[in-house]
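Everything below concerns the one structure shown next.
Read the figures in this text as sums done on the coordinates, not as results from a lab. Nothing here was measured: the structure is a model prediction, and the numbers come from that model. In this analysis, Cβ positions are derived from the backbone assuming ideal geometry, glycine residues included, and neighbour counts consider all displayed protein chains.
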C-alpha cells in the first residue's frame, strides 16, 4: 500500500492572505464566550468566513466522556489546533473559544497558524466563580472535579498576549472592538 503524502496544516492556500485565527483564552467563566459572541458578527461584517471552535462543543465529539487528564487535554488541544489550522488553510477565520490552561497548548496553535492573535481575557477568580453558570467551580469545590483551571489545575496566563481584556471592567461589545482594532491593523489593511 502506498503511503499518502502528509499534509502541512500551515501550507499556503489561495485564501491564505485572508484567513487567520484568534485564540480567546482565560479562566472558565471569565467572559471568553461573551467576547466571541460579539466578535464573530464583526468579523463576518468585514467579509470573512468565520468558524468558532468552542472547546465544550468540540470536546463532546472528541472526548464524550472527558476525564480532563493532562494526557487527554494535550491530545484535545493538539486536535483543536489542527482543526483550526486546516480551516485557516482553507480560507476560514477561526475563533478558538477555549481555556487552554497551559501556554504550550496555545503556542502549539500559534506554531501551526502563522496569522494568529492571542487574546487574554483577565478576570478575578472570585468574579469567575460568581459568573459560573455551568457549575464548573462548584463541582471543583465539592470535589466532584479535580481538574478545574484556577482551582486544582494551574492556569498559565499568556506572557505576551496580542490583546488583554479586563472582562470585569469592559463590556463584551467594547472588548470585541478592541480585538477588531488589532485585526484591522494586522490583517484587514
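Taking all Cα pairs closer than 8 Å and separated by 6 or more residues, the relative contact order of the chain comes to 34 percent. Pick from 99, 65, 25: which residue has the top mean-square fluctuation in a GNM of the chain where Cα pairs under 10 Å get a spring? Comparing 99, 65, 25 in a Gaussian network model of the chain, the most mobile one is 65. Considering only DSSP beta bridges whose two residues both sit in the chain, what percent are antiparallel, to the nearest 5? Counting DSSP beta bridges with both partners in the chain, the antiparallel share is about 0 percent.
Using the Kirkwood radius over C-alpha pairs as Rh, can you work out the diffusion coefficient of segment 21-187 via Stokes-Einstein at 10 °C, viscosity 1.306 mPa s, in µm² per second? D = 99 µm²/s.
Segment 48-62 and segment 82-135 have their alpha-carbon centroids 11 Å apart. Here 44, 51 are placed in order of increasing Cβ neighbour count within 10 Å, fewest first, which gives 44, 51.
Working from label points 7 Å from Cα in the Cα-to-Cβ sense, the residue 70 to residue 169 distance is 3.5 nm.
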